Amino acid sequence: MIADPDVNNEDVSKRYTHDVIRPASYYDGRKVDLGFVGSCMVHKDDMQIIAAMLRNLEKNGPITFKAPLIVAPPTYNIVDELKAEGDWDVLAKYAGFIFDDSNPKEKARTKYENQLYLERPGCNLCMGNQEKAEPGDTVLATSTRLFQGRVVEDSAEKKGESLLGSTPMVVLSTILGRFPTLEEYKAAVDGINLTSFAPPSKDLARPSIPLKATNQ
């Protein structure tokens, strides 16, 4: 499912709110200009999912990104753990940029190549004032900081869109440069435990208990 700001909604009160939830099939292969996985909305598991997806996809040949993918691990501790366990090597293998604290960027990035960027741990794109997408882009991100103008501004030709999606959806969409089909998605996440959550099988709502009157 995708949380959509519905920037073209005729009802102005419903624009940029992400109250509109749609299935990915609604977008039917729509182009994605930029993807972002990061901020406090992700954890180590998300980094591991990216590595596992890359392992799955490379079985079919070389992986090339058709849209930029920015990955910002939440903390330095997580980066250290990924390095010790081997998943960081997989991410670095496909990265065209890896953060370097000894040689930091001098200014925020606003232009991107079609590649994977391993950014410094932290919020990065979700803060908006650090880096932004190009005006008018369609951005698919895991961050909830997606209100109007935060991540992407409007251009003269097109309103900027910041769609909220899962880590696998963001990653695959940037590799394809568009929203994937259900079959493409299933193949990319094959064998990956995306979540251990399951809805309750029984109604957990407690029956109402009448309150006893008390004498005062």
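The values are calculated or read from the model by the stated rules, or taken from the named source; none is laboratory data. Computed from a predicted structure; not experimentally measured. Here Cβ is always computed from backbone atoms with ideal geometry, including for glycine, and neighbour counts include all displayed protein chains.
Test GLU106 against the criterion of being in a loop (DSSP other than H, G, I, E, B), exposed (fewer than 13 other Cβ atoms within 10 Å of the Cβ), out of contact with any Cys (no Cβ under 7 Å at 6 or more places or on another chain) and at pLDDT below 95, and give yes or no.
Working: in a loop (DSSP other than H, G, I, E, B): yes; exposed (fewer than 13 other Cβ atoms within 10 Å of the Cβ): yes; out of contact with any Cys (no Cβ under 7 Å at 6 or more places or on another chain): yes; at pLDDT below 95: yes.
Judged against the criteria, GLU106 is a match.
Surrounded by fewer than 20 Cβ atoms within 10 Å (Cβ to Cβ), closer than 30 Å to ARG55 by Cα and modelled with pLDDT under 85 - does that describe any residue in region 198-216? Break it down stepwise before answering.
Taking region 198-216 as the starting set, the residues that turn out to be surrounded by fewer than 20 Cβ atoms within 10 Å (Cβ to Cβ) are 198-216.
Narrowing the set further to residues that are closer than 30 Å to ARG55 by Cα leaves 198-199.
After this cut, where a residue has to be modelled with pLDDT under 85 as well, the list is 198-199.
So far as region 198-216 goes, yes, one or more of its residues are surrounded by fewer than 20 Cβ atoms within 10 Å (Cβ to Cβ), closer than 30 Å to ARG55 by Cα and modelled with pLDDT under 85.
Among the listed residues TYR117, TYR185, which satisfies the condition of being outside any loop (DSSP other than H, G, I, E, B), among the hydroxyl-bearing types (Ser, Thr, Tyr), within 15 Å of the chain's Cα centre (by Cα) and over 14 Å from VAL37 (Cβ atoms)? So that I can check it myself, show each step before the final result.
Details: TYR117 fails: over 14 Å from VAL37 (Cβ atoms).
Sole residue among the options that is outside any loop (DSSP other than H, G, I, E, B), among the hydroxyl-bearing types (Ser, Thr, Tyr), within 15 Å of the chain's Cα centre (by Cα) and over 14 Å from VAL37 (Cβ atoms): TYR185.
Does region 64-77 contain at least one residue that is touching a residue at least 12 places away in the same chain (Cβ under 8 Å), assigned to a loop (DSSP other than H, G, I, E, B) and among the basic types (Lys, Arg)?
Keep residues of region 64-77 that are touching a residue at least 12 places away in the same chain (Cβ under 8 Å), which gives 64-76.
Pick out the ones that are also assigned to a loop (DSSP other than H, G, I, E, B) and you get 64-68, 73-75.
Subset that is among the basic types (Lys, Arg): 66.
Yes, that holds for at least one residue.
Being touching a strand residue (DSSP E or B) at 6+ places or on another chain (Cβ under 9 Å) and either in contact (Cβ under 8 Å) with a residue 60 or more places away in the chain or surrounded by fewer than 23 Cβ atoms within 10 Å (Cβ to Cβ) (or both) is true for just one of VAL170, VAL90. Which residue is that? Steps first, please.
Details: VAL90 fails: touching a strand residue (DSSP E or B) at 6+ places or on another chain (Cβ under 9 Å).
After ruling out the rest, the residue left standing is VAL170.
Would you please list the contacts, defined by Cβ atoms under 7 Å and residues six or more apart or on different chains, that run from a residue in region 37-63 that is at pLDDT below 90 to a residue that is part of a helix (DSSP H, G or I)?
GLY38/ASN124; GLY38/LEU125; GLY38/CYS126; SER39/CYS126; VAL42/THR167
Does region 17-37 include one or more residues that are in a helix (DSSP H, G or I) and of a type in the set (D, E, K, R)? First the steps, then the outcome.
Residues of region 17-37 in a helix (DSSP H, G or I): 24-27.
In the following step, the residues that additionally are of a type in the set (D, E, K, R) were identified as none.
There is no residue in region 17-37 that is in a helix (DSSP H, G or I) and of a type in the set (D, E, K, R).
Given the condition out of contact with any strand residue (DSSP E or B) (no Cβ under 6 Å at 6 or more places or on another chain), at pLDDT 80 or above, within 19 Å of LEU176 (Cα to Cα) and polar (S, T, N, Q), answer yes or no: does some residue in region 113-123 qualify?
Yes, region 113-123 has at least one match.
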